[in-house]
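The values are calculated or read from the model by the stated rules, or taken from the named source; none is laboratory data. Everything numeric here is computed off the predicted structure, so don't read it as measured data. Using ideal geometry, Cβ is built from the backbone for each residue, glycine included, and neighbour counts are taken over all protein chains shown. The accessibility values were calculated without ligands, DNA or RNA, using every heavy atom of the protein model including side chains. Shrake-Rupley method; radii C 1.70, N 1.55, O 1.52, S 1.80 Å.
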Amino acid sequence: MTQQKTILRALAGETLPTPPIWMMRQAGRYLPEYRATRAEAGDFLKLCYNPELAAEVTLQPIRRYGFDAAILFADILLVPQALGADLWFVTGEGPRLSTITSQSDFNKLSDKDNIHETLNPIYETVRILRGALPDETTLIGFAGMPWTVATYMIAGQGTKDQGPAHALKAEHPAVFDALMDRLTEATIEYLSKQIEAGAEVVKLFDSWAGSLNAADFQKYAVEPARVITQALKERHPGIPVIGFPREAGDGYIGFAKATGVDCVALDNSVSPEWAAKHVQVDGCVQGNLKSSHMVTGGQALVDETRAIVKAFKNGPHIFNLGHGITPDADPENVQLMIDTVRGG
Ligand code: CP3
């Protein structure tokens, strides 16, 4: 059957006259309706595990803006929780987890096949969404990549330079590698269930890929992305995969070929002109407007949006930000970005 959804057409390699558009963290605190539903749920994690309310916040930006894709509302840190880590969020600060710093910490984690009891509500959210989304809107599922998720599991929180994870990798490589393998296996099972429930695309978030040196980038970013993508495509032929090795720099070159992902998501550290030449040659790219434009707006937003559309116009492109929209963004600037992409 000929594919009609614009996101799926771009992911299949088609160059469209107007790039389809969605936005990282499009369901989030910059929207008053999100804040209201989060308050109704109680807190962020309760919202993630409440299928009705998680589906509701996923739909809010679709109703308000008519984005071409909806991204499942959940978090990359639900997988560590499903593996047995304690997880909580400190308001204004971010996530906290029990730490993994030794073989005995690792031994307490559960097996990849035991994650679904915790994660079943997420699959239910996906099922609700497939029934509720407009026909033209693509549903994107996602997971964190092993390296990025491991940085939080090892440190027990977000860190500037991922120091504790680099230290475990250097000092206890067997524990580190076992954790990477467990996360790789669990991610395959988790994404597989999302796809069975109705996710039409999956995105792999490797937010801290940029802190790996060239050799480690191959071993701990490229190789897990290749293994996960291959396993998903074997089980679910044709499932499109978006890879996001954030701040990979030159590591973006050849990433799609080396991993088998259908699209490479770009952060702001690369110019669209450079990325068109070095990354889009291999297929679809996604990105890469600076999210600060959603705060500042104005002519700079319009000019930069037009420059990105222009730079990528000769190949498959999905318009997006280079990272998630921030809570201080103005919802009207999001509309201005969409109007500029769609209206020129
Ligand atoms: O994009 C979407 O709208 C889908 C949902 C989504 C969330 N987190 C919701 C969320 C996705 C895809 C993520 C990914 C995620 N989560 C990443 C990778 C992408 C990135 O941002 O680099 C990471 C590193 C996390 C872990 C995480 N979750 C952190 C560090 C934080 C705290 C920082 C913050 O923004 O507050 C979260 C919380 C979080 N995840 C929020 C949302 C909407 C804010 C929670 C709230 O409502 O208070």
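Considering only residues of the stretch 123-153 that are part of a loop (DSSP other than H, G, I, E, B) and of a type outside the set (S, T, N, Q), which is most open to solvent (accessible area, probe 1.4 Å)?
My answer is ASP135.
If you go through the stretch 232-250, how many residues are out of contact with any strand residue (DSSP E or B) (no Cβ under 6 Å at 6 or more places or on another chain), among the small types (Gly, Ala, Ser) and open to solvent by less than 50 Å² (accessible area, probe 1.4 Å)?
2
Any residue at all in the stretch 318-332 that's open to solvent by less than 20 Å² (accessible area, probe 1.4 Å) and more than 16 Å from the ligand (Cβ to nearest atom)?
Taking the stretch 318-332 as the starting set, the residues that turn out to be open to solvent by less than 20 Å² (accessible area, probe 1.4 Å) are 318-322, 324-325, 329.
Retained after the next criterion (residues that are more than 16 Å from the ligand (Cβ to nearest atom)): none.
Looking through the stretch 318-332, none of the residues is open to solvent by less than 20 Å² (accessible area, probe 1.4 Å) and more than 16 Å from the ligand (Cβ to nearest atom).
Looking only at the stretch 1-27, count every residue that is at positive phi and either touching a His at 6+ places or on another chain (Cβ under 7 Å) or within 16 Å of the ligand (Cβ to nearest atom) (or both) and tell me the total.
Within the stretch 1-27, residues that are at positive phi and either touching a His at 6+ places or on another chain (Cβ under 7 Å) or within 16 Å of the ligand (Cβ to nearest atom) (or both) number 1.
Within the bounds of the stretch 154-173, is there any residue that is within 16 Å of the ligand (Cβ to nearest atom) and touching a Gly at 6+ places or on another chain (Cβ under 7 Å)?
Checking the stretch 154-173: at least one residue is within 16 Å of the ligand (Cβ to nearest atom) and touching a Gly at 6+ places or on another chain (Cβ under 7 Å).
Restrict the check to the stretch 82-95 and report whether at least one residue is of a type in the set (Phe, Trp, Tyr), within 12 Å of the ligand (Cβ to nearest atom) and either open to solvent by 40 Å² or more (accessible area, probe 1.4 Å) or farther than 30 Å from GLU171 by Cα (or both).
There is at least one residue in the stretch 82-95 that is of a type in the set (Phe, Trp, Tyr), within 12 Å of the ligand (Cβ to nearest atom) and either open to solvent by 40 Å² or more (accessible area, probe 1.4 Å) or farther than 30 Å from GLU171 by Cα (or both).
Considering LYS46, LYS112, LYS108, which residue is open to solvent by 30 Å² or more (accessible area, probe 1.4 Å), farther than 30 Å from ASP339 by Cβ and within 12 Å of the ligand (Cβ to nearest atom)? Lay out the reasoning, then the answer.
Working: LYS112 fails: within 12 Å of the ligand (Cβ to nearest atom); LYS108 fails: within 12 Å of the ligand (Cβ to nearest atom).
After applying the criteria, what remains is LYS46.
Exactly one condition in (1) touching a residue at least 40 places away in the same chain (Cβ under 8 Å); (2) within 29 Å of ALA74 (Cβ to Cβ); (3) touching a helix residue (DSSP H, G or I) at 6+ places or on another chain (Cβ under 8 Å); (4) open to solvent by less than 60 Å² (accessible area, probe 1.4 Å) is not met by GLY315; state its number.
(2)
Among the helices (runs of 4 or more DSSP H) lying completely within the stretch 228-344, list those that include at least 3 residues that are among the polar types (S, T, N, Q) and at pLDDT 95 or above.
Details: elements: 255-259, 272-278, 293-296, 298-311, 331-343.
Counting at least 3 such residues, we get 331-343.
Which one of these does LEU191 not meet: (1) within 16 Å of THR259 (Cβ to Cβ); (2) in contact with a Leu (Cβ under 9 Å, 6 or more places away or on another chain); (3) outside any helix (DSSP H, G or I)?
Only one criterion in (1) within 16 Å of THR259 (Cβ to Cβ); (2) in contact with a Leu (Cβ under 9 Å, 6 or more places away or on another chain); (3) outside any helix (DSSP H, G or I) is unmet by LEU191, namely (3).
Would you please name the residue that is farthest from the ligand (Cβ to nearest atom), looking only at residues in the stretch 202-227 that are outside any helix (DSSP H, G or I) and out of contact with any Gly (no Cβ under 7 Å at 6 or more places or on another chain)? Talk me through it step by step, then tell me what you get.
Keep residues of the stretch 202-227 that are outside any helix (DSSP H, G or I), which gives 202-208, 212-213.
Okay, now just the ones that are also out of contact with any Gly (no Cβ under 7 Å at 6 or more places or on another chain), so 203, 206-208, 212-213.
Numbers: LYS203: 7, ASP206: 8, SER207: 3, TRP208: 8, LEU212: 15, ASN213: 20 Å.
Filtering first and then ranking leaves ASN213.
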